[in-house]
Amino acid sequence: MEKAVIQNLKDFVGKKVTINGWLTNKRSGKGLEFLIIRDGSGFLQCVVSLDEVGDEIFQRAKTLSQESSIEITGLIVEDERQIGGFEMQVTELKLISFSNAYPITNKPHGVEFLMDNRHLWLRSRRQWAIMRVRNRLIFAIHNFFQKEGFVQMDAPIFTGNAVEGTTTLFGTEFYDETAYLTQSGQLYGEAMAMAMGKIYTFGPTFRAEKSKTRRHLSEFWMIEPEMAYYNNDMNMDLIEKFIKYIVKTVKDQSTFEFSILERDASIFDKIANEKFPRLTYDQAVRILRGEEKVNGKTTIETLENDLKELLRKIEENHQIIGDAEKEIKAGVKKGKRNYLQNKIDTLKNEIKDLEERKRVIPQWVESAKNFKYGNDLGGSDETVLTRMFDLPVMVYNWPHEVKAFYMKRDEENPNLAKGVDVLAPEGYGEIVGGGERETDLDLLVAKIHEHKLPMEAFEWYLDLRRYGSVPHAGFGLGLERMVAWVCKLKHIRETIPFPRMYGRLFP
Ligand code: 4AD
Ligand code: MG
């Protein structure tokens, strides 16, 4: 019998094939068993009919448990109503291995439980979709840089020095020396760019972030391009082209995954077509505080409108829930009752989210109004700023105190550094940090002192300024932040197969 995988079924319509997979769900009808199977490449409904297969196979199907592994054979027919667009009319069914009391059922589970069972949770439909999007993003990223003439090079993971500040370093042993897990490949990237012109690194990076937030991991993957003879304007042009390319590519390839995730992907068309706003830090602060309008509105007005709209929406949801509950009470058929109950649950969840926003928006307004010039942008400030544009926003020319030691000082205003942050819309905040690098040897040495970094560890880095130094720039994109935004996830922990974060080392 010919073997097939679900993602290639369009080539097997009208043919009999065998698929190796697992059972994810099952329902029964009269003389019929509907098995939803998965094989890693997709999902397929397989119909087992007592009349077709006889008693033995039918009993096997009937007693099959969730996540049992099976080999299933049958005729493939097109059926656009079914998941994936096909269905199998089963003729044979072999059990490979029985799964006994699989812990993750189709009922709701708490997230800690799911995280403890991450090794199994990865099999669930949503997680499957997220990992597929992650995979596409990775490939789109490589494609982009390869097409642009970059060379991928790898930075070491054991390092002797900090890059992004000493407070988030993970120390470890390297024979008899102290070593740190790398926070960023950038400094090595700079050395490699001087050898190759344009390079990018794509590797794991580590930050000891002793706080639980929905944006921070202790181990995450970063893409870090570095370009010789680039200034920060060229850097920003590249970032914009890059983000446009990857969101467009992933959008075009992930219709099925986005439908599973219930992600409205239309925002990516706007992003692919419209120019990203570029704000100096000064302008960003003015907008944030409500001193400068965007499209005729201040941040304060916009948020107050959002709040009003939100209250209206909560009211409306309560109304619909009330009506649905009355309908159920009056007595309806089982199918209709399930439908209504589902609707009620969805709306109740939506209300929870809306109530949470109702609680935080006034706090956002307060903190935006009172933003202190010279500070770094906080999470809510980023949300408020991007809310004004519904596009990724680039903020550049930062007060040099809030940026890393290697940032190039602005020649016209020495209080500023030529860094750039890219803030994702929809509340996702910073996804990219980058900038032009300091080339002035004396300024760099002064900065290393000022940041209390050990000079010996940076001698090799200073050599890059001693031997044929050139203007250069680069940036870092956090892969998991990107996946979280593209899939519109509430928390970064679902963006990587096995997240490492404060309080989580297993599984
Ligand atoms: O802004 P960061 O710290 O910049 C750098 O590391 C530079 N050396 C990059 C460069 O210019 N080559 O980090 C860059 C990005 C952030 O914008 C964010 O997307 C991600 O890395 N990131 C994290 N992602 C998940 N968890 C964390 N704890 C992260 N810290 C940073
Ligand atoms: Mg940053």
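Some observations on this one:
- Of Gly429, Gly379, all but one fail to be of a type in the set (Gly, Ala, Ser), farther than 19 Å from Ala162 by Cβ, crowded, with 22+ Cβ neighbours inside 10 Å and within 15 Å of ligand 1 (Cβ to nearest atom); the exception is Gly429.
- Top-ranked residue in the stretch 20-34 [being closer than 21 Å to Glu257 by Cα and of a type outside the set (Phe, Trp, Tyr); ranked as nearest to the chain's Cα centre (by Cα)]: Thr24
- Applying the criterion of being in a strand (DSSP E or B) and among the polar types (S, T, N, Q) to the residues of the stretch 177-217, the residue that is nearest to Asn235 (Cα to Cα) is Thr201.
- Some residue of the stretch 421-433 being within 16 Å of ligand 2 (Cβ to nearest atom) and on the phi > 0 side of the Ramachandran plot: yes
- Residue in the stretch 397-407 that is at negative phi, modelled with pLDDT of 95 or more and away from ligand 2 (no atom under 16 Å from the Cβ) present: no
- Taking the stretch 218-235 as the range and being assigned to a helix (DSSP H, G or I) and surrounded by 22 or more Cβ atoms within 10 Å (Cβ to Cβ) as the test, the residues that pass are Asn232, Asn235.
- Selection within the stretch 139-190: residues that are of a type in the set (A, V, I, L, M) and surrounded by fewer than 17 Cβ atoms within 10 Å (Cβ to Cβ). The member of this set that is nearest to the chain's Cα centre (by Cα) is Ile157.
- The stretch 462-486 residues that are farther than 19 Å from Ser184 by Cβ, paired with ones that are within 16 Å of ligand 2 (Cβ to nearest atom) and not in a loop (DSSP other than H, G, I, E, B) (beta carbon under 7 Å, 6 or more apart): Pro471/Glu436; Ala484/Ile492; Trp485/Ala424; Trp485/Ile431
- Only one of the listed residues (Leu93, Leu120) is more than 24 Å from Phe258 (Cα to Cα) and surrounded by 15 or more Cβ atoms within 10 Å (Cβ to Cβ). That residue is Leu93.
- Test result for Ile104, closer than 30 Å to Gly503 by Cα, surrounded by fewer than 18 Cβ atoms within 10 Å (Cβ to Cβ), touching a Ser or Thr at 6+ places or on another chain (Cβ under 7 Å) and not hydroxyl-bearing (Ser, Thr, Tyr): yes
- Residue match in the stretch 368-391 (condition: in a helix (DSSP H, G or I), free of Cβ contacts under 8 Å to residues at least 40 places away in the same chain, out of contact with any Asp or Glu (no Cβ under 8 Å at 6 or more places or on another chain) and farther than 19 Å from Pro277 by Cα): no
- One residue stands out in the stretch 80-110 among those that are outside any strand (DSSP E or B) and basic (Lys, Arg): the one that is farthest from Val17 (Cα to Cα), namely Lys107.
- Some residue of the stretch 213-231 being over 29 Å from Ile267 (Cβ atoms), more than 16 Å from ligand 2 (Cβ to nearest atom), among the hydrophobic types (A, V, I, L, M, F, W, C) and in contact with a strand residue (DSSP E or B) (Cβ under 7 Å, 6 or more places away or on another chain): yes
- Flag if Leu354 is within 21 Å of Ser184 (Cβ to Cβ), among the aliphatic types (A, V, I, L, M), away from ligand 1 (no atom under 16 Å from the Cβ) and surrounded by 12 or more Cβ atoms within 10 Å (Cβ to Cβ): no
- The condition (being under 15 Å from the mean Cα position of the chain (by Cα), surrounded by 16 or more Cβ atoms within 10 Å (Cβ to Cβ) and not hydroxyl-bearing (Ser, Thr, Tyr)) is satisfied by just one residue among Phe276, Phe258, Phe242: Phe258.
- Output for the stretch 170-198, where each listed residue is in contact with a Phe, Trp or Tyr (Cβ under 8 Å, 6 or more places away or on another chain) and within 16 Å of ligand 2 (Cβ to nearest atom): Thr182, Gln183, Gln186, Leu187, Gly189
- Matching option when the condition is surrounded by fewer than 15 Cβ atoms within 10 Å (Cβ to Cβ), in the same structural domain as Leu477 (by TED's automatic domain parsing) and more than 30 Å from Gly503 (Cβ to Cβ), among Ala208, Ala195: Ala195
The values are calculated or read from the model by the stated rules, or taken from the named source; none is laboratory data. Bear in mind the structure is a predicted one, so any value in this text is a computation, not a measurement. In this analysis, Cβ positions are derived from the backbone assuming ideal geometry, glycine residues included, and neighbour counts consider all displayed protein chains.
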